[in-house]
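The values are calculated or read from the model by the stated rules, or taken from the named source; none is laboratory data. Being a predicted model, the structure only gives us computed values, none of them experimental. Positions of Cβ are generated from backbone atoms using ideal geometry, with glycine treated the same way; all protein chains shown enter the neighbour counts. Heads up: the accessible areas ignore ligands, DNA and RNA and are worked out on the full protein's heavy atoms, side chains in. Shrake-Rupley method; radii C 1.70, N 1.55, O 1.52, S 1.80 Å.
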Amino acid sequence: MSEHEQEIRHMIDPSVPELTPLETMRHSAAHVMADAIKRLWPDARLAFGPHTEDGFYYDIEMGHRLVPEDFEKIEAKMAEIVAGKHPFVREEIDRAEAIALFEGMGERFKVEAIAAIPEGAALTLYRSGDFVDLCRGPHVADTGQVKAFKVMSIAGAYWRGDEKGPMLQRVYGTAFPSRKELKVHLEMIEEAKRRDHRKLGRELGLFAFDPIAPASPFFTGKGAAVYNLLQAYVRKLYVRYGYEEIITPQIFDMELFHTSGHYEHYKDNMFACTIDEREFGVKPMNCPGHCVLFRQNRRSYRELPVRFADFGRLHRYERAGVTHGLTRVRTFCQDDAHIFCTPEQVGQEISGVTRMILECYRTFGFEELEIEVSTRPESFLGELETWNRAEDALKAALDREGLTYVINEGDGAFYGPKIDFKVRDALRRSWQLGTIQLDFQLPQRFGLEFVDHGDGRTRPVMIHRAMLGSLERFFGVYLEHIAGRFPLWLAPVQVGILPIADRHHGWAEAVASALRGRGIRAEVDLRSEKLGHKIREATLQRVPVMLVLGDKEVEGQGVAARTLDGKTGPLEALADFVDRLAAEAAIPA
């Protein structure tokens, strides 16, 4: 459903939740901003202007190309409208009258929106001063209650999300009940810019992009070290939680995706090629290949559950307009797994997966968690009784773990209900990472079965499971969460060795050799730069431990560890330091 379709649904569907007071004020602020733009540029034509999680936007078509220098003018005109304290007046209107009204105003997008609203649905307008808009509301009492606001940015947006439609200017803004709250929000935005993973990736030398491979990252040695350590951590969990890591092909005959149903529903997002007059597809997900592997052998109920894990590379065609750094790419891998179990085992498997996911998030410092259970959609496959049993199993597993969750009615996949795990980062932004999905469709499509207790043939239940999700996306999210300060075990360079003068180089190399011999990632800075410059560069690179080596360290054949916050510990014997650091730097789990 496009954003514009969502806005139309909001206008006509009484089941859509009412806005909170803050959302109501921001929606009103969107009207005030649209009014201001219309006053400044009368040829502007309005599309939609909903609230968002942290503000609002309005899509507008106009001859003038807005630039950041226009923001101050818009804000000044908004301030005039706010000062006027114009009441927001709700008015029900007949369909024909509404069309005539907006046609007379030249508001063609409003006319098209009305045409998309089913016959018989109630239509309402909101007026504030001379401004009128097609809107369900609600709004604050008058424009004077739009307190602290700011125009933030501009982007492009197609009308109704259709690339063949007109390109509109999307003007973003935000509003808060007080200037103090607005200031805090703007400071958080500046901090988010400093933490932007694309910026940090360049500064820390972790990854790069090149037009030769659009939306496909190149990981440097440092970035690859972090990437591989993420996989190593997950692999340790796999051993404890009983997963079997497998490797499946990268390219399949397209017949596989006809069988799975992805060809009909996902072909536009796949990379395809023709070889020997056969159509092949680069895999966009692992599940069909796992089904093929499961059915290679005759399975007994005694073997279940079977837990396949796969770090295989996936490729999906993402439109250029939606790709974004590491968080939306065309090539990636997931900490992906599929569990094949009996219907009776579903509950225990969901509990096990949930515990593993929670342990994983605690390791990475994500303490604030939101969990959603998405239930049966209107269009679904399978029996109602099976769905009810599956939904009950998901809820019961979360209840057993003492976890709080919300029900996301009707938002399950057509093949089964699911649990989504969302974390909040250091800036309190929400990111969906993990998911647990029950699937009754793929076992049916691939003819999967096992021999049950009575020597009959029974379909297994398939559970799709991810914790970090896409490793590329998690890399970006986590990099911003920690502002580039990796914990010791995950840091691409764990120890920076900084000799003061040439005569200290020999000891520096000996220290590096001792550390590397224990698997610790150490770098020696042998440049003839001043010590202060070396420390500053290592600090900017977020190296967790620095060893400054001078005459005292050489004479004592020891080291004194300096941390990123500038604190230096006592001199200690090299062997003792290496033992201590090796224990601290071990991969968790």
Checklist entry - Quick one: net charge of His315's neighbours, Cβ under 11 Å, K/R +1, D/E -1? => result +3
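Given Cα pairs under 8 Å that are at least 6 residues apart, what percent is the relative contact order of region 507-589?
25
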Item to check | Charge tally in the Cβ shell below 14 Å around Thr375, where Lys, Arg are +1 and Asp, Glu are -1, Thr375 excluded | outcome: -3
Checklist entry - Under a straight-distance cross-link criterion of Cα-Cα below 29 Å, which lysines are reachable from Lys267, leaving out those fewer than 8 residues away in the same chain? => result Lys164, Lys283, Lys418, Lys422
Checklist outcome for this item: Per the rule of 0.36 nm per residue minus the C-alpha distance, extending Cys273 to Val406 adds in nm 43.6 nm
Checklist entry - What percent do you get for the relative contact order of region 183-248 when only Cα pairs under 8 Å and 6+ apart count? => result 17
Checklist entry - Which far-off residues, 5 or more places away or on another chain, put their amide H under 5 Å from the one on Val548, with H placed in the peptide plane? => result Leu498, Ala560, Arg562
Next on the checklist: Please report the accessible area of Thr568 (heavy atoms, 1.4 Å probe, ligands and nucleic acids excluded) in Å², nearest 10.
Outcome noted: 90
Checklist outcome for this item: Net charge near Leu581 (other residues with Cβ under 14 Å of its Cβ; Lys, Arg +1; Asp, Glu -1) is +1
Checklist entry - Once both axes come from the Cα atoms, what is the angle between helix 221-241 and the longest principal axis of the chain, in degrees from 0 to 90, rounded to 10? => result 90
Next on the checklist: List the lysines whose Cα sits under 28 Å from the Cα of Lys85, skipping any in the same chain fewer than 8 residues away.
Outcome noted: Lys38, Lys73, Lys77, Lys110, Lys147, Lys150, Lys180, Lys183
Next on the checklist: Using helices alone, I'd like the mean residue ellipticity at 222 nm for the chain: each DSSP H run of four-plus residues gives -39500 (n - 2.57), total over residue count, nearest 500.
Outcome noted: -11500 deg cm²/dmol
Item to check | Tensor-based shape of region 56-155 (alpha-carbon gyration tensor, a/c under 1.5 rounded, otherwise prolate or oblate) | outcome: oblate
Checklist entry - Projected area of the chain, taken from the Cα convex hull and averaged over every viewing direction, in nm²? => result 33.9
Item to check | Whole-number accessible area per residue in Å² for the chain, which is evaluated in the context of all protein chains at 1.4 Å | outcome: 46
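Of the accessible area of region 469-543, with the probe set at 1.4 angstrom, what percent is carbon plus sulfur?
Percent of accessible area from carbon and sulfur atoms in region 469-543: 52.
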Checklist entry - Normalised by the residues of the chain, what does the relative contact order come to in percent, with Cα pairs under 8 Å and at least six apart? => result 10
Checklist entry - For Lys180 and Glu72 in one chain, what is 0.36 nm times their gap in residues minus the Cα-Cα distance, to one decimal in nm? => result 36.9 nm
Checklist entry - Tyr158's amide H: which non-local residues (gap 5+, or another chain) put their own amide H closer than 5 Å, with H modeled 1.01 Å from N in plane and none for Pro or chain starts? => result Leu168
Checklist outcome for this item: Simple SL model, points at 7 angstrom along Cα→Cβ for Met188 and His258; separation in nm is 5.1
Next on the checklist: Quick check: pseudo-label points 7 Å beyond the Cα along Cα→Cβ at Met105 and Ser153, how many nm apart are they?
Outcome noted: 2.9
